[in-house]
Amino acid sequence: MQSLDGQWRIAFDPQDAGRTAAWFKPGGFPLDGSRPIQVPGNVYEVDPNRMAGGYLGLVGTTPCGVLWYSRTFTPSVPTSADLRQYLRFGGVAYACQAWLNGVLVGSHEGGQAEFEFDVTDALRASRSNQLTIRITGPCVVAVAGINHHVSLLAQPRTRIKDVLAKPDIHAGRFELQIALENHGDKPAAVALKAAYGGSWFDEARCARAACRVSYRLWQRVFNVGFRVVCRAG
């Protein structure tokens, strides 16, 4: 995993002209009209005076306006054919669009939720890459901007994207909801193995992209750990 935290550049766009002017294209970001900003961070740290007016305000009053972030980086994560590369954001307030080397790689809405974009096709291995983020939407002044960590990571073409465990203590069961992402050429499955109190006792396989598997607990002892291993393949 490669951290993209540190110094970025930020430009304010009061007329929302950045998309028309192609600020997202390589070389198109207005460096002369921008200023440095630390990521993670927020706009208030750069310019406290923008609390008033059309850029920043409280939820339900004035919008944040339009903010643009940009930085360049050279990838240090593996870029072999059996891997895919993802940009992961810990949180951006509030709504954003992301371009890598002028290619729109995704959009997201929600100020505190983690999200990621697949950038495999847009990433330039062993070369300088320009990452540009456009941020809009209502938000709280103190958190406006890229307020959590940003990273570039390489993942297998077939991977488990998410696992959600839903316990039912009254029934003595829990359910696993598993999201499988498969960019490979062959069908893939998820292998599950569970241990209760240190002893492995069950195995299951699921070949669907999202599946539900229920395990029954052997006893209702709340100080005994329950361990589940999920493997895609």
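The values are calculated or read from the model by the stated rules, or taken from the named source; none is laboratory data. Predicted model, so just to flag it, every value in this text is computed and none were measured. Backbone-built Cβ (ideal geometry, glycine too); neighbour counts: all protein chains shown.
Data table
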| read-out | value |
| --- | --- |
| Test set (1) within 18 Å of W68 (Cα to Cα); (2) of a type in the set (D, E, K, R); (3) surrounded by fewer than 19 Cβ atoms within 10 Å (Cβ to Cβ) - R134 fails condition number | (3) |
| Sole exception among (1) in a strand (DSSP E or B); (2) at pLDDT below 80 for R134, by number | (2) |
| Residue in segment 91-102 that is modelled with pLDDT under 95, in a loop (DSSP other than H, G, I, E, B) and under 22 Å from Q7 (Cβ atoms) present | yes |
| Residue, nearest to the chain's Cα centre (by Cα), within segment 137-151, restricted to residues that are under 24 Å from A22 (Cβ atoms) and assigned to a strand (DSSP E or B) | V150 |
| Evaluation of G111 against (1) crowded, with 19+ Cβ neighbours inside 10 Å; (2) under 15 Å from the mean Cα position of the chain (by Cα); (3) assigned to a strand (DSSP E or B) (one fails), failing number | (3) |
| Selection within segment 42-73 - closer than 28 Å to N101 by Cα, small (G, A, S) and modelled with pLDDT under 75 | G65 |
| Residues of segment 114-131 that turn out to be part of a loop (DSSP other than H, G, I, E, B) and in contact (Cβ under 8 Å) with a residue 24 or more places away in the chain, as a count | 9 |
| Within segment 22-39, considering residues that are in a loop (DSSP other than H, G, I, E, B) and touching a Gly at 6+ places or on another chain (Cβ under 7 Å), the one nearest to N147 (Cα to Cα) | F24 |
| Per-region count, segment 81-90, residues farther than 18 Å from N182 by Cα and part of a strand (DSSP E or B) | 2 |
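Table: residues versus (1) outside any strand (DSSP E or B); (2) basic (K, R); (3) buried (at least 18 other Cβ atoms within 10 Å of the Cβ); (4) at pLDDT below 65.
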{"site": "L153", "(1), (2), (3), (4)": "no, no, no, no"}
{"site": "F174", "(1), (2), (3), (4)": "no, no, yes, no"}
{"site": "K193", "(1), (2), (3), (4)": "no, yes, no, no"}
{"site": "F222", "(1), (2), (3), (4)": "yes, no, no, yes"}
